[in-house]
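Taking it in order: structure first as structure tokens, then the write-up.
The values are calculated or read from the model by the stated rules, or taken from the named source; none is laboratory data. All figures in this text were calculated on a predicted structure; none of them were measured in a lab. Backbone-built Cβ (ideal geometry, glycine too); neighbour counts: all protein chains shown. Note: accessible area is taken over every heavy atom of the protein model, side chains too, but ligands, DNA and RNA are not part of it. Shrake-Rupley method; radii C 1.70, N 1.55, O 1.52, S 1.80 Å.
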Amino acid sequence: MGIVVAINSSVIAPYLRDIDTKLLGLAGFVLVIASLGYMIGWLVAKLMGWQQDIVVALTFNGGMRNISAGAVLAVAYFPPPVAIPVVLGMLFQQSLASLFGFLLNRRYALKPVVSEN
């Protein structure tokens with residue numbers, strides 16, 4: 001993951017040198033938006049009364065994005081600062097997937113599915 005982020009963020013490295021309140025605010029906003037995808041997916045599945053496997057699937061479908069495509073488009077067609085939120089999203093996405101996987105595991109005590117074949 002670090003290599004992919006490094007390659008995509010090399011263009012915006014000069015803009016990340018000086019960490020200021022604007023950059024921290026942007027990082028906080030991106031973190032909230034990325035977290036909302038997981039939370040809304042989980043909430044919708046719970047409100048619909050769906051089973052555990054569907055709750056887990058919808059939670060991750062709501063939160064995971066093909067953010068690398070966004071990084072490629074931002075770097076190719078826009079000025080470098082446009083890619084800053086995309087790269088921040090890349091940093092948060094995998095960590096949030098791990099966090100929500102952990103929380104779902106604690107909530108449902110998920111056990112691996114073993115096929116009977």
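Between 0 and 90 degrees, rounded to the nearest ten: what's the tilt of helix 84-108 against the longest Cα principal axis of the chain? Once rounded, one gets 20 degrees.
Heavy-atom accessible surface of the chain, averaged per residue, reaches 68 Å², computed with a 1.4 Å probe.
As a fraction of the 1.4 Å probe accessible area of the chain, surface on carbon and sulfur atoms comes out at 68 percent.
If R0 is 30 Å, the Cβ-Cβ spacing of L26 and K46 corresponds to a FRET efficiency of close to 0.45. Full extension of the chain between S98 and S68 gives 9.0 nm of extra length, using 0.36 nm per residue less the Cα-Cα distance. Hydrodynamic estimate: the Kirkwood radius of the chain over Cα pairs, inserted into Stokes-Einstein at 4 °C and 1.567 mPa s, corresponds to D of 82 µm²/s. Which loop-located trypsin sites (Lys or Arg not before Pro) does segment 1-91 contain, where loop means any DSSP state but H, G, I, E or B and the Cβ has at most 12 other Cβ atoms within 10 Å? Qualifying residues, ordered by number: R17.
If the chain linking R17 and A109 were pulled fully straight, counting 0.36 nm for each residue of separation and taking away their Cα-Cα distance, it would gain 28.9 nm.
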